1. Report, ordered by the first and then the second residue, all pairs with beta carbons closer than 7 Å, sequence separation of six or more or different chains, a first member in region 50-64 that is farther than 25 Å from Gly361 by Cα, and a second member that is β-branched (Val, Ile, Thr).
2. I need the full set of residues from region 367-399 which are modelled with pLDDT of 95 or more and basic (Lys, Arg), in order please.
3. Could you tell me whether Lys109 is outside any helix (DSSP H, G or I), surrounded by 13 or more Cβ atoms within 10 Å (Cβ to Cβ) and of a type in the set (D, E, K, R)?
4. Are there helices (runs of 4 or more DSSP H) fully within region 352-430 with at least 1 residues that are within 19 Å of the chain's Cα centre (by Cα) and charged (D, E, K, R)? List them.
5. When region 259-300 is examined, which residues are found to be touching a helix residue (DSSP H, G or I) at 6+ places or on another chain (Cβ under 8 Å) and of a type in the set (D, E, K, R)?
6. Taking region 37-58 only, how many residues are of a type in the set (S, T, N, Q) and either assigned to a strand (DSSP E or B) or surrounded by fewer than 15 Cβ atoms within 10 Å (Cβ to Cβ) (or both)?
7. Which condition number does Ala64 fail, the rest of (1) surrounded by 15 or more Cβ atoms within 10 Å (Cβ to Cβ); (2) over 23 Å from Gly127 (Cα atoms) being met?
Amino acid sequence: MPTRDKPARNTTAWWREADRKHQLSPFTDYKQLKGSEAGARIITRAEGVWLNDSEGARLLDGMAGLWCVNVGYGRKELAEAAYEQMLELPYYNTFFKTATPPPVELAEKLAEITPAGLDMVFYGSSGSESNDTVVRLARFYWKLRGKPEKQQFVSRTYAYHGSTMASASLGGMTPMQEGFGLPLPGFHHVDPPYWYDFGDGLDPEEFGRRAAKQVEDKILEIGADKVAAFIGEPIQGAGGVIIPPDSYWPEVQRICRKHEVLLVADEVITGFGRTGHLFASEHFGIEPDMMTLAKGITSGYIPLSAVMVSGAIGRTLAEEGGEFFHGYTYSGHPTACAVALANIAIIEREDLVRKVREETGPHLAKRLAELADHPIVGEVRSLGLIGAVELVADKKTHARFPGGRAGGLCRDHCFANDVVLRAVRDSMVMAPPLTISKEEIDELVSRLRTCLDLTAKDLGAG
């Protein structure tokens with residue numbers, strides 16, 4: 001029986017209490033959460049682009065879960081794909097010269113739809129695992145090529161490549177490294193192509209070339225004979241939706257080819273239609289040697305990730321031989337791969353990539369542009385259905401508010417006003433499901449404007 005100190009089971013109060021007592025959630029200040037009277041907001045169901053919480057509120061999910069629910073919530077086809085596969089063969093491993101049909105079928109499909117030359121797949125369960133695999137695979141490849149000294153990796157500040165020790169080292173998020181003995185040896189970082197913060201008055205195209213030159217300078221500083229790979233997200237998502245100038249990626253690619261450095265595109269966020277192309281590499285003209293995928297591969301319905309590998313790398317693995325001592329229990333999980341196949345079928349059948357490119361993406365860009373007149377908005381930017389709004393104290397100088405408070409304040413107002421957006425430093429970022437309608441985009445931007453007004457009032461601005 002519930003008592004004054006013990007709420008009834010499966011109620012909001014009970015879930016919050018149990019959450020505080022027993023669950024260690026990711027990226028959480030546990031002292032702050034434990035001391036919060038409100039506790040966690042309990043999400044109980046979802047449909048389309050809308051979430052429902054345990055207290056009856058309905059929230060517009062402007063972040064597609066965690067950048068991942070591309071086909072929206074409540075897709076019966078994905079539940080049925082999992083159910084049918086679980087009845088047939090819920091799980092078997094792909095170790096020891098064994099395979100099952102779904103990962104084989106998915107591998108063929110991925111080789112078909114990813115950029116030309118990416119012919120082979122190594123599976124994991126998360127983007128973190130896949131980027132960890134990239135480190136192992138790149139070093140193994142160069143060893144087979146007779147260049148075992150090529151061990152070093154170059155990435156960018158504000159990059160997010162995951163949360164394992166290796167993937168967090170690849171990433172450029174200082175809070176994820178300080179106090180954890182990271183980055184591990186062999187990982188180096190250069191500035192991101194973040195024109196708004198680092199442009200220094202340069203034309204964006206000129207700035208893009210300067211940012212790319214940092215990659216070459218770092219390769220030469222380390223020694224090209226020691227650098228295994230450069231890794232980058234085509235658009236840095238968790239770093240603040242940093243969309244590089246058009247001059248950036250062609251120059252980075254030229255530099256990598258010149259110095260015989262592998263080029264790895266992290267498409268964990270941008271893959272499967274997010275930018276109005278099936279993969280953002282197509283938009284930027286990137287021809288990667290490896291590409292990491294996760295999130296949208298199953299629309300987040302079940303964990304799955306993949307590393308796409310070029311035919312050149314694959315041939316070296318096959319021709320030189322030697323066991324690749326790496327893998328996961330769930331590499332090529334048949335149920336996850338069956339869901340991925342059904343998810344890709346939805347994306348294709350509903351023509352979501354074209355809709356994002358020609359309809360909803362341009363509409364989001366148009367509506368975000370209307371926020372540029374707001375007194376605390378310094379810049380808006382988007383590509384397809386991923387975007388950001390920079391919050392500033394001074395539009396002319398790009399100066400931020402003291403203490404970096406603006407983003408957190410605005411995020412809290414958004415949550416209170418039932419629209420889910422994310423704050424990255426003092427940028428509000430968004431990546432709604434690809435199924436969002438124009439009317440729902442209008443509602444998202446309208447709620448965001450309200451929250452900007454409230455944030456400006458809190459800051460005494462405007």
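The values are calculated or read from the model by the stated rules, or taken from the named source; none is laboratory data. All values derive from a computational prediction rather than experimental measurement. Here the Cβ positions follow ideal geometry from the backbone for every residue, glycine too, while neighbour counts run over all protein chains shown.
1. Close Cβ pairs (under 7 Å, with a partner that is β-branched (Val, Ile, Thr)) amount to Asn52/Thr44; Asp53/Ile42; Asp53/Ile43; Asp53/Thr44; Ser54/Thr12; Ser54/Ile42; Ser54/Thr44; Glu55/Thr12.
2. Within region 367-399, Arg367, Arg381 meet the criteria.
3. No, not satisfied.
4. On the way: elements: 352-355, 361-369, 406-416.
Ranges flagged: 406-416.
5. Glu260, Asp266, Glu267, Arg274, Glu287, Asp289, Lys295
6. Taking region 37-58 first, the residues of a type in the set (S, T, N, Q) are 44, 52, 54.
Applying the additional criterion that residues be either assigned to a strand (DSSP E or B) or surrounded by fewer than 15 Cβ atoms within 10 Å (Cβ to Cβ) (or both) yields 44, 52.
Total satisfying the criteria: 2.
7. Here Ala64 clears every test but (2).
This table checks each residue for (1) over 24 Å from the mean Cα position of the chain (by Cα); (2) of a type in the set (D, E, K, R); (3) modelled with pLDDT under 95.
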residue	(1), (2), (3)
Phe140	yes, no, no
Lys143	yes, yes, no
Pro185	yes, no, no
Tyr194	no, no, no
Arg210	yes, yes, no
Lys218	yes, yes, no
